[in-house]
1. Only residues that are touching a residue at least 40 places away in the same chain (Cβ under 8 Å) and closer than 17 Å to G127 by Cβ: list them for region 284-298, please.
2. Tell me whether region 267-283 contains one or more residues that are part of a helix (DSSP H, G or I), modelled with pLDDT of 95 or more, in the same structural domain as G149 (by TED's automatic domain parsing) and of a type in the set (A, V, I, L, M).
3. How many residues does region 309-323 hold that are assigned to a strand (DSSP E or B) and buried (at least 17 other Cβ atoms within 10 Å of the Cβ)?
4. Out of region 52-103, which residues are small (G, A, S), more than 23 Å from E311 (Cα to Cα) and not in a loop (DSSP other than H, G, I, E, B)?
5. Could you count how many residues in region 293-308 are assigned to a loop (DSSP other than H, G, I, E, B), surrounded by 14 or more Cβ atoms within 10 Å (Cβ to Cβ) and aliphatic (A, V, I, L, M)?
6. Residue check, D46 against (1) charged (D, E, K, R); (2) assigned to a strand (DSSP E or B); (3) within 30 Å of L252 (Cβ to Cβ), all met but one. Which one?
7. So A183 passes all but one of these: (1) touching a Cys at 6+ places or on another chain (Cβ under 7 Å); (2) loosely packed, with under 15 Cβ neighbours inside 10 Å. Which condition number does it fail?
8. Of the residues that sit in region 12-23 and are assigned to a loop (DSSP other than H, G, I, E, B) and loosely packed, with under 14 Cβ neighbours inside 10 Å, which one is modelled with the highest pLDDT?
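The values are calculated or read from the model by the stated rules, or taken from the named source; none is laboratory data. Quick caveat: nothing in here was measured; it's all calculated off a predicted structure. Don't worry about glycine lacking a Cβ; one is built from the backbone with ideal geometry, like all the others, and counts go over all protein chains shown.
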Amino acid sequence: MRIKQIVLASRPKGLPALTDFRTEEVTLPDLKEGEVLLKPLYYSVDPYMRGRMNEGKSYIPPFEVNAPIESGAIATIAESKDKNLQPGDVVIAASSRPLLPWATGIIRKGSDVRKTDSEIPPTYYLGLLGMPGLTAYFGLMDIGKPKTGETVVVSGAAGAVGIVVGQIAKLQGCRVVGIAGGAEKVKMLTDKFNFDVAIDYKGNPDISKAIAAACPNGVDIYFDNVGGEISDAVVNQINFHGRIPLCGQIALYNSTETPVGPRWQPTLLTRSVLLQGFVIGNYASRFQEGIGQLAGWVKAGKLKYTETIEEGFDHLPDALLGLFSGRNNGKMIVKV
């Protein structure tokens with residue numbers, strides 16, 4: 001069987017370009033006993049994937065040049081030689097091998113995938129009940145430890161993680177301030193996702209002043225998804241014994257030089273602030289706990305979600321690049 005796959009053609013310097021990807025055709029072997037043929041339905045694209053395009057040591061191995069890009073995906077069983085899986089079943093990769101290559105056909109062992117819950121929209125497994133939702137849940141609850149009445153600030157608040165962080169913080173009785181780019185996004189945060197205040201960093205010439213005005217009692221928890229000047233401004237308002245779950249630094253991912261900015265250490269020291277970086281793999285043993293809690297809130301109508309869905313397998317690279325210009329509201333997904 002001939003399939004298409006998208007590979008990393010070259011390692012980018014700075015912002016990636018479409019020329020850093022290449023589409024090619026390959027032939028899949030016949031299925032062996034216990035294997036299934038997957039036809040992808042939806043792929044996730046996520047900011048962390050930019051780091052995997054670089055060479056070097058990190059918490060996850062880099063993509064290999066001339067090998068397929070991989071990400072979270074929802075697929076259907078096209079053929080099966082596994083007695084527990086039937087053609088037409090909708091599946092997601094199991095947590096032991098959570099990513100699938102960018103390809104129009106994929107062979108996996110049946111034990112490497114699991115069926116989705118038919119009561120839940122399948123794309124939620126790439127967002128709200130997938131890596132972004134779990135990142136929001138564990139980062140806020142385990143590191144942030146929110147308490148009723150505290151002020152929580154979320155940068156990248158209109159993204160896949162930020163939207164969930166803000167809603168969970170509200171469920172804990174917190175006052176929530178979101179930072180996002182553009183009037184449409186900030187309106188969405190307050191009107192649809194119950195944020196108390198939303199700040200448009202693109203429309204505010206003095207982001208420090210805007211954050212100070214939105215947080216008259218200071219900041220107790222800062223969920224940092226972006227880094228850069230926005231984080232510099234938020235940390236100025238951090239309270240004594242504040243907590244900073246350090247989740248992402250998208251403002252810096254395409255930097256070609258090491259950025260130099262304000263030194264936070266004196267502020268963190270004198271205000272006894274906890275700053276803890278984390279990746280979702282740290283919580284792999286607790287994924288079912290997180291999925292159970294998030295699914296319960298979804299079914300109870302306490303968590304809402306939004307997605308930006310682009311269509312076409314060939315549009316995967318462009319969708320990934322769109323994350324860095326803020327083209328998405330919520331989770332960016334490609335429908336194959």
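1. Within region 284-298, F287, G290, I291, Q293, L294, A295, W297, V298 meet the criteria.
2. Yes, region 267-283 has at least one match.
3. 1
4. S80
5. The qualifying residues number 1.
6. Tallying (1) charged (D, E, K, R); (2) assigned to a strand (DSSP E or B); (3) within 30 Å of L252 (Cβ to Cβ), D46 fails exactly one: (2).
7. Only one criterion is unmet by A183, namely (1).
8. A17
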